[in-house]
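Please read the structure below before turning to the comments.
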Amino acid sequence: MTLRELVARTARRFARALLHFGHGTDNPRDEAAYLVLRALKLPFEAGLDRPVSALEMARVDSLVEKRIRERVPVAYLLREAWLDRHAFYVDRRVIIPRSHIAELLREGLRPWLRQPVSRVLDLCTGSGCLAILAARAFARARVDASDLSVAALAVAQRNVAQYRLQQRVALIRSDLYASLGKKRYDLILANPPYVTTAAMRKLSAEYRYEPGIALAGGCNGLEFISRILAGAPDHLAHGGLLVCEVGDNRAAVEAHHGRMALVWPKDEVFIFLASRTAAVSRTPPTRHRGK
Ligand SMILES: C[S@@+](CC[C@H](N)C(=O)[O-])C[C@H]1O[C@@H](n2cnc3c(N)ncnc32)[C@H](O)[C@@H]1O
């Protein structure tokens with residue numbers, strides 16, 4: 001059997017099993033190619049006409065079984081996830097990287113970020129994926145990457161070391177901004193927990209492998225988003241930018257924080273940008289107070 005045939009066979013098995021996709025792929029064929037190639041430590045560009053050995057077949061088949069029977073996401077099976085063509089070590093202590101913020105970082109957050117970036121904060125860093133992509137996007141920047149979960153920070157530490165960024169990325173245990181003192185940043189990134197309580201109850205099996213602390217965002221999904229917005233004016237430098245992912249909660253964000261001049265880049269529904277002045281403007285002008 002060739003790699004091509006093994007990928008096709010795996011894709012048929014995935015399709016029949018009615019798996020949920022959403023951790024890096026969105027269809028059975030891509031999920032099959034991801035599992036087969038990376039289980040065999042091959043690059044995604046590998047030619048598919050080469051034959052597969054019996055040993056390789058056995059390795060792939062045992063992972064396919066686990067994917068189908070136990071619904072374990074491929075990234076946890078392989079202990080490797082990909083975001084914007086970068087590989088990250090993952091296990092069940094962190095969610096599987098998939099943040100849309102990665103696409104904005106690839107473009108250096110142009111045209112929204114106009115000033116040079118020397119200090120970055122990645123709130124809720126998890127595996128450290130966004131902190132690492134930010135450090136690579138802004139080669140002179142120092143990045144503080146914080147998370148409440150000690151277990152997640154251990155994973156982030158491994159990834160920071162893998163990318164040899166220990167000199168520029170500092171890992172900090174913190175409940176959002178609580179342990180950051182009075183530090184200010186040119187750029188604050190946040191992909192916080194934002195799944196509503198109702199949606200948490202309906203999560204498909206694959207998402208239940210991820211840590212609840214990384215997903216659950218309270219009854220309306222805004223528990224962390226609102227706190228991040230409230231603290232931003234005290235931690236953004238002059239001209240700095242907050243970039244926050246909110247999932248499906250755009251309408252809720254606009255309903256609760258409608259007074260702020262939030263920008264939804266590229267008609268992107270999942271992410272808002274807020275300048276320091278926009279975040280400060282949560283306080284209504286004096287003349288409206290008391291009405
Ligand atoms: C959606 S995950 C994001 C992980 C990573 N930034 C990414 O994009 O893959 C949210 C992270 O927030 C962390 N977290 C939950 N509550 C927190 C809090 N109160 N303060 C800081 N981090 C928190 C979780 O441990 C988890 O790693």
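For this structure, a couple of remarks:
- Among the numbered conditions (1) more than 18 Å from the chain's Cα centre (by Cα); (2) open to solvent by 40 Å² or more (accessible area, probe 1.4 Å); (3) within 14 Å of the ligand (Cβ to nearest atom), the only one that G218 does not meet is (2).
- Qualifying position, being farther than 26 Å from S118 by Cβ and touching a Pro at 6+ places or on another chain (Cβ under 9 Å), among G258, G218: G218
- Residues located in the stretch 114-154, provided they are touching an Asp or Glu at 6+ places or on another chain (Cβ under 8 Å), away from the ligand (no atom under 12 Å from the Cβ) and in contact (Cβ under 8 Å) with a residue 60 or more places away in the chain: Q115, P116, V117, S118, R119, V120
- P192 passes every criterion in (1) touching a residue at least 40 places away in the same chain (Cβ under 8 Å); (2) open to solvent by 20 Å² or more (accessible area, probe 1.4 Å) apart from (2).
- Put simply, of A230, A251, A255 the only residue that is in the same structural domain as D144 (by TED's automatic domain parsing), outside any loop (DSSP other than H, G, I, E, B) and open to solvent by less than 60 Å² (accessible area, probe 1.4 Å) is A230.
- Residue that is farthest from R69 (Cα to Cα) [pool: residues in the stretch 196-225 that are outside any helix (DSSP H, G or I) and of a type in the set (A, V, I, L, M)]: L222
- Only a single item in (1) charged (D, E, K, R); (2) surrounded by 20 or more Cβ atoms within 10 Å (Cβ to Cβ); (3) within 13 Å of the ligand (Cβ to nearest atom) is not met by D186, and it is number (3).
- Candidates L104, L109 - the one that is part of a helix (DSSP H, G or I), open to solvent by less than 10 Å² (accessible area, probe 1.4 Å), more than 9 Å from the ligand (Cβ to nearest atom) and under 20 Å from C244 (Cβ atoms): L104
The values are calculated or read from the model by the stated rules, or taken from the named source; none is laboratory data. The shown structure was predicted, so the numbers you read here are calculated from the model rather than taken from an experiment. So basically every Cβ, Gly included, is an ideal-geometry build from the backbone, and we count neighbours across all protein chains shown. Ligands, DNA and RNA are excluded from the accessible area calculation, which covers all protein heavy atoms including side chains. Shrake-Rupley method; radii C 1.70, N 1.55, O 1.52, S 1.80 Å.
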